[in-house]
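K.L.:
Have a look at this one before I ask anything.
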Amino acid sequence: MIQDIFRKDLGDFESYSAGKTDYKVRLNANESFTNLDFETRKEIGTVIENSIYNRYPDPDALEVCDLYAKYANVLGINVMAGNGSDECIQIIAHTFLNTGDKVAMQSPDFSMYGLYTKVAGGIPIEFPLGAELELDVDGFISMANSEKVKIVFLSNPNNPTGNIIKREDIIKIIEGCKCIVVIDEAYFEFYGESILDKIDFYDNLIVLRTCSKIGLAAIRLGFMITNNVLMSELKKVKPPYNVNSITQSIACVILKKPEIIYNNVKNILAERVYLWEKLSCINGIKLYKAKANFILVEIPNALEIKEKLLKQSINVRSYTSGKLLNCLRITIGSREENNCLLKNII
Ligand SMILES: *Cc1c(COP(=O)(O)O)cnc(C)c1O
């Protein structure tokens, strides 16, 4: 049987299903609610028209990395581009894990940390968050060290909780954990605090960023930023030509005009204030701290509400087990989308 040659450890894996995407109001995937403006899309059109299609892309996406470095206030040599930060997570796992190596993460946190750990043959060790979905920092560090994990993955702000780990605690974790510490700042723009300034100060720190949450989910572009020593190791595993020419060209157009990003973030933050205020008026609802572009709410009969919303073609993220039972993760939408949600959620 052909199945005999399959990996036994993938037996219980399921392919990732993002589900149907054609809902009218899409508040389930933490995307930005505004498309690029017409002028910018026209400019991109010209760039695409003049692209070179018969040649491979720049394998190191040098111009993109340099522009992103400028945006993030670091050096280009410390930046690697990936096909989404998902690919960066995968590259990290494959660079440092041997079969059976352990990786520490919070529960809940971004599901790709566990997935790519297992795909690389590693073992995810989950550390449960507290009653308010807060992290017991000292407990986490001693767990990571006693389990002798090779990598720690933490999203900050956390997806799906929206909570943050304070800078002093991030530093405590980097200094306390005897392993690679990956701080995933996918939602940095909505929080404003970063640990990027420390990448050269520690030998074990990798920071992840993405373009997906700030208006460019379509082009699949993420970054990892780290010191030279870790960077040369990660480069051994990076697939050549992993970021295609079109993505590189589009990213260059946008990163040369970062005000497009700033504006987008400003609008999302204003809507976050609006949605938070309106949601908090609902009887029996509990809102968790919202430092990203979504709000996690706990509400009785969350799954019924989810179904009711789907009938109106409104999609939010729901959870069926554990601490997030009865929670919905609602991405910040436009004013119209937010009102549509508010009208139908009660
Ligand atoms: C959305 C998200 C990512 C981004 O993934 P891309 O592959 O860059 O789209 C990474 N980490 C977290 C925590 C996220 O929520």
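K.L.:
Output the residues belonging to the stretch 178-205 that are in a loop (DSSP other than H, G, I, E, B) and either under 14 Å from Cys88 (Cα atoms) or modelled with pLDDT under 95 (or both).
P.N.:
Across the stretch 178-205, the qualifying residues are Glu185, Ala186.
K.L.:
Same structure again: Looking at this structure, is Arg317 in contact with a Lys or Arg (Cβ under 6 Å, 6 or more places away or on another chain), open to solvent by 30 Å² or more (accessible area, probe 1.4 Å) and not in a helix (DSSP H, G or I)?
P.N.:
Answer is yes for this residue.
K.L.:
Kindly evaluate Tyr262 against the criterion of being hydroxyl-bearing (Ser, Thr, Tyr), outside any helix (DSSP H, G or I) and open to solvent by 60 Å² or more (accessible area, probe 1.4 Å).
P.N.:
The answer is no for Tyr262.
K.L.:
So which pairs qualify, if the first residue must be in the stretch 72-89 and in the same structural domain as Arg209 (by the TED database), the second must be open to solvent by 10 Å² or more (accessible area, probe 1.4 Å) and within 15 Å of the ligand (Cβ to nearest atom), the Cβ gap must be under 6 Å, and the two must be at least 6 apart or on different chains?
P.N.:
Cβ pairs passing all conditions: Asn83/Arg220; Asn83/Asn242; Gly84/Arg220; Asp86/Met112; Ile89/Met112; Ile89/Tyr116.
K.L.:
Also, I was wondering about something else. Looking for whichever is of a type in the set (Gly, Ala, Ser), in contact with a Pro (Cβ under 9 Å, 6 or more places away or on another chain) and more than 30 Å from Lys8 (Cα to Cα) here; the options are Ala131, Ala186. Which one fits?
P.N.:
Going through Ala131, Ala186 in turn, the sole match is Ala186.
K.L.:
Quick one: Gly130 ticks every box in (1) open to solvent by 30 Å² or more (accessible area, probe 1.4 Å); (2) free of Cβ contacts under 8 Å to residues at least 12 places away in the same chain; (3) of a type in the set (Gly, Ala, Ser) bar one, so which box is it?
P.N.:
That leaves (1) as the condition not met.
K.L.:
Then there is this: Being basic (Lys, Arg) and either part of a loop (DSSP other than H, G, I, E, B) or in contact with a strand residue (DSSP E or B) (Cβ under 8 Å, 6 or more places away or on another chain) (or both) is the filter here, so list the residues in the stretch 2-19 that pass it.
P.N.:
Arg7
K.L.:
Follow-up. Out of Lys213, Lys257, report the one residue that is in a helix (DSSP H, G or I), at negative phi and of a type in the set (Lys, Arg). Give the steps one after another, and end with the answer.
P.N.:
Numbers: Lys257 fails: in a helix (DSSP H, G or I).
So the residue among Lys213, Lys257 that is in a helix (DSSP H, G or I), at negative phi and of a type in the set (Lys, Arg) is Lys213.
K.L.:
Would you confirm whether or not the stretch 325-332 contains a residue that is out of contact with any strand residue (DSSP E or B) (no Cβ under 8 Å at 6 or more places or on another chain) and touching a residue at least 60 places away in the same chain (Cβ under 8 Å)? Show your work before the answer.
P.N.:
Restricting attention to the stretch 325-332, the residues satisfying the condition of being out of contact with any strand residue (DSSP E or B) (no Cβ under 8 Å at 6 or more places or on another chain) are 325.
Imposing the further condition that a residue be touching a residue at least 60 places away in the same chain (Cβ under 8 Å) reduces the set to none.
No, the stretch 325-332 contains no residue that is out of contact with any strand residue (DSSP E or B) (no Cβ under 8 Å at 6 or more places or on another chain) and touching a residue at least 60 places away in the same chain (Cβ under 8 Å).
K.L.:
Now, a different point. If we keep just the residues of the stretch 289-346 that are within 16 Å of the ligand (Cβ to nearest atom) and either assigned by the TED database to the domain that holds Tyr191 or among the β-branched types (Val, Ile, Thr) (or both), which is nearest to Lys24 (Cα to Cα)?
P.N.:
Val316
K.L.:
Now for a separate question. Would you mind stating whether Gly162 is modelled with pLDDT of 95 or more, on the phi > 0 side of the Ramachandran plot and open to solvent by less than 10 Å² (accessible area, probe 1.4 Å)?
P.N.:
So Gly162 passes the test.
K.L.:
Against the condition within 19 Å of Lys102 (Cβ to Cβ), buried (at least 23 other Cβ atoms within 10 Å of the Cβ) and in contact with a Leu (Cβ under 8 Å, 6 or more places away or on another chain), how does Val149 come out, does it pass? Working first, answer last.
P.N.:
Working: within 19 Å of Lys102 (Cβ to Cβ): yes; buried (at least 23 other Cβ atoms within 10 Å of the Cβ): yes; in contact with a Leu (Cβ under 8 Å, 6 or more places away or on another chain): no.
No, not satisfied.
K.L.:
While we're on this one: If Asp138 satisfies every condition in (1) closer than 23 Å to Glu168 by Cβ; (2) buried (at least 21 other Cβ atoms within 10 Å of the Cβ) but one, which is the exception?
P.N.:
Failing condition for Asp138: (2).
K.L.:
Being without any contact (Cβ under 8 Å) to a residue 12 or more places away in the chain and either outside the structural domain of Asn326 (by the TED database) or out of contact with any Cys (no Cβ under 6 Å at 6 or more places or on another chain) (or both) is true for just one of Gly192, Gly139, Gly176. Which residue is that? Give the derivation first.
P.N.:
Values: Gly139 fails: without any contact (Cβ under 8 Å) to a residue 12 or more places away in the chain; Gly176 fails: without any contact (Cβ under 8 Å) to a residue 12 or more places away in the chain.
When all the criteria are applied, what remains is Gly192.
K.L.:
So, in the stretch 191-204, exactly how many residues are more than 16 Å from the ligand (Cβ to nearest atom) and under 17 Å from the mean Cα position of the chain (by Cα)?
P.N.:
Total satisfying the criteria: 1.
K.L.:
Could you grab me the full set of residues in the stretch 52-70 that are buried (at least 16 other Cβ atoms within 10 Å of the Cβ) and not in a loop (DSSP other than H, G, I, E, B)? Before the answer, list the steps.
P.N.:
As a first pass, look at the stretch 52-70 and keep what is buried (at least 16 other Cβ atoms within 10 Å of the Cβ): 57, 60-61, 63-69.
Of everything in the stretch 52-70, those that are buried (at least 16 other Cβ atoms within 10 Å of the Cβ) and not in a loop (DSSP other than H, G, I, E, B) turn out to be Glu63, Val64, Cys65, Asp66, Leu67, Tyr68, Ala69.
K.L.:
Inside the stretch 82-119, can you point out the residues that are within 15 Å of the ligand (Cβ to nearest atom), closer than 21 Å to Ser142 by Cα and in a helix (DSSP H, G or I)?
P.N.:
Tyr113, Gly114, Thr117
K.L.:
For the stretch 182-203, indicate whether the set of residues that are open to solvent by 20 Å² or more (accessible area, probe 1.4 Å) and among the aliphatic types (A, V, I, L, M) is non-empty. So that I can check it myself, show each step before the final result.
P.N.:
The first filter runs over the stretch 182-203 and keeps only residues open to solvent by 20 Å² or more (accessible area, probe 1.4 Å), leaving 188-189, 191-194, 197-198, 200-203.
Still in the list and also among the aliphatic types (A, V, I, L, M): none.
No, every residue in the stretch 182-203 fails to be open to solvent by 20 Å² or more (accessible area, probe 1.4 Å) and among the aliphatic types (A, V, I, L, M).
The values are calculated or read from the model by the stated rules, or taken from the named source; none is laboratory data. None of the values given here were measured: they were computed from a predicted structure. For neighbour counting, all protein chains shown are included, and Cβ atoms are generated from backbone atoms with ideal geometry for every residue, glycine included. To get the accessible areas, we keep the full protein, side chains included, count just its heavy atoms, and leave off ligands, DNA and RNA. Shrake-Rupley method; radii C 1.70, N 1.55, O 1.52, S 1.80 Å.
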